[in-house]
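The values are calculated or read from the model by the stated rules, or taken from the named source; none is laboratory data. Fair warning: this is a prediction, and the values are worked out from it, not measured in the lab. Note: ideal-geometry Cβ built from the backbone for every residue, glycine included; neighbour counts use all protein chains shown. The accessibility values were calculated without ligands, DNA or RNA, using every heavy atom of the protein model including side chains. Shrake-Rupley method; radii C 1.70, N 1.55, O 1.52, S 1.80 Å.
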Amino acid sequence: MNLRIKGNMNTTMNTSENLFRLLVPVTELTLPDTPFVELCGSRWILTEFASISDAPPYTCISYSWGVDRTKNPFKDDLPISTRTIPALEATIKASQSPEHWENAVMSASRDAQEEQAMRLEEALKASQAIWIDALCVPSRDPVRAACLRSMGAIYSSATQVFAVLSEPCSKLLHQIHNTGHMEPDELFVLENDDWITRAWTYQEMANSKSTLFIAQGDGSVLILGLDFLNAILTDTTDYADAQGFERTKLAVRFPRLDSLQEMMSEHRLVEFAGRSVYQVMSAMHQRIAERELDRIYAMIGVITIQPSNSLDGASLHPAEYFMRLCEAKGDYSFIYCIAPRSDIPGRAWRPVSDQLFPVLPGLLASGTGLSGCIKATHLQMDNMCRMNPSRINSVASSIGNFLHDNIAVAILERLRQKGFTGCGEYLELENGYFFPQSSFTRSKDIFVVTSQDVLWTHGGPGILLRSNGTDINQFCDVGVFIGRFPKENESINIG
């Protein structure tokens, strides 16, 4: 790695610090005393733009920071990951080679040659401006916080995103490039790569127009995201068949790769079924973040691609900012979290916490979200299914193979394996079972509601309510419903 710094480093760090900056090559117009970093034999400088829309076509980099730190080439008192510069150099080598691009585009595209040539031209042009978090995120608030809230805009506006895996992954990328497959041993190499479980990865992939995979220290091969996913799916399945175990057990053998496949599948499903706020919380919960706030910022980036004004909500905690964005979108499925609730009249349903942990993480939830609107005295939830306590009917009881008490115990055990932390009690309904997060007092006034737009294969998150003689019901708790959804739906008010 050849790293050189020159110039007065304070000259590019003005007191305003614009929201958006890119790393670009030095030109004849660059002032002689401008600080630069030498990468791959060329000098690169940081250039600020008033907004993302003012910037030229650019490339974003997605990578894992790891634990080791080194000196920031542009700001001494702000350490960066030791992987930042190598990730930059790998991206530059891969993205600025027409031969690499032609191989990648031709391997998975059947577009006309004219369209391929146009894409190649766009990709090469975007390789001349790079966004990478360690160097491009402003160092001071409120602009820094605004930048972190704008990750959705930054990544969705990029021409392409380069996912830089660790050096040991170089061999498997070459194998995919040459044969379309990996050797079984390479699956374990990929399973151990930190990039797969990083919190920011989810946001970066959710907003990427085009994702390409490369390895640190090797810019000679780049793999299109679809080719990468197909190789993982095929090779893990082949591994299960060769080892003689059920394919459903792959998640136990390769939990990280299973998470990656689910993430990529979700992104494709979004085009047809949408992505609820609850699904974002659920998928993000099992991911690793250096700071807990990063998890919230990453969720913000998934649900909005609008850039944040540095003064807009500057004093709000990111979790509160996230919920306000959800409310503006009309998706209230963040209600399905285990956070404490507000004591404000009419807002007892609303979480108050710096973290929003889902009631059941990890399961892929389909649907667009819990729709509704806030009134002066309550929340109106639309398209909800009401279920009253009752003896479970014979159709619903087909979800298990035992008498109903044993079914509930077996279901609870499976929920525990998935990460459910509820009290262990359950409510028997005509259509299934409801497992609340906390203990509750049984009475004839309680009932359960679920949304038909936030569901799993065999149920969905639910809300326990208590009627009080008015059309505004009392919020009691959240929980997990396992069973069949009723066909009827209605609007439900909760205070």
All positions within the stretch 21-65 that are outside any strand (DSSP E or B) and aromatic (Phe, Trp, Tyr): TYR58, TRP65
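Let's see how each residue does on (1) among the charged types (D, E, K, R); (2) in a loop (DSSP other than H, G, I, E, B):
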residue	(1), (2)
ARG140	yes, yes
TYR155	no, no
VAL164	no, no
LYS171	yes, no
HIS177	no, no
MET182	no, yes
LEU187	no, no
Residue list for the stretch 363-374, restricted to those being farther than 17 Å from ILE463 by Cβ and either surrounded by fewer than 17 Cβ atoms within 10 Å (Cβ to Cβ) or without any contact (Cβ under 8 Å) to a residue 12 or more places away in the chain (or both): LEU364
Output for the stretch 290-309, where each listed residue is small (Gly, Ala, Ser) and either at pLDDT 95 or above or open to solvent by 20 Å² or more (accessible area, probe 1.4 Å) (or both): ALA298, GLY301
Selection from the stretch 429-449 of residues that are modelled with pLDDT under 95 and surrounded by fewer than 20 Cβ atoms within 10 Å (Cβ to Cβ): GLU430, PHE440, THR441, ARG442, SER443, LYS444
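Quick grid of which residues meet (1) closer than 27 Å to ILE288 by Cα; (2) within 27 Å of the chain's Cα centre (by Cα); (3) among the small types (Gly, Ala, Ser); (4) modelled with pLDDT of 95 or more:
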position	(1), (2), (3), (4)
LYS6	no, no, no, no
MET9	no, no, no, no
LEU19	yes, yes, no, no
ILE45	no, no, no, yes
SER51	no, yes, yes, no
THR59	yes, yes, no, yes
GLY66	yes, yes, yes, no
PHE74	no, no, no, no
The stretch 200-215: number of residues that are assigned to a helix (DSSP H, G or I), crowded, with 22+ Cβ neighbours inside 10 Å and aliphatic (A, V, I, L, M): 1
Count of the stretch 391-421 residues which are in a loop (DSSP other than H, G, I, E, B), at pLDDT 90 or above and open to solvent by less than 50 Å² (accessible area, probe 1.4 Å): 2
Scope the stretch 361-380; condition under 27 Å from the mean Cα position of the chain (by Cα) and either under 21 Å from PHE435 (Cα atoms) or polar (S, T, N, Q) (or both); matching residues: PRO361, GLY362, LEU363, LEU364, ALA365, SER366, THR368, GLY369, LEU370, SER371
Residues of the stretch 222-266 satisfying the condition of being in contact with a strand residue (DSSP E or B) (Cβ under 7 Å, 6 or more places away or on another chain) and either open to solvent by less than 20 Å² (accessible area, probe 1.4 Å) or part of a loop (DSSP other than H, G, I, E, B) (or both): LEU222, ILE223, GLY225, PHE228
Residue, nearest to SER451 (Cα to Cα), within the stretch 256-275, restricted to residues that are at pLDDT 75 or above and under 12 Å from the mean Cα position of the chain (by Cα): ARG275
Residues located in the stretch 433-463, provided they are part of a strand (DSSP E or B), in contact with a Lys or Arg (Cβ under 9 Å, 6 or more places away or on another chain), over 28 Å from VAL270 (Cα atoms) and without any contact (Cβ under 8 Å) to a residue 60 or more places away in the chain: ILE446
Leading residue by the ranking (farthest from GLY459 (Cα to Cα)) among those in the stretch 324-358 that are surrounded by 21 or more Cβ atoms within 10 Å (Cβ to Cβ) and of a type in the set (Phe, Trp, Tyr): TRP349
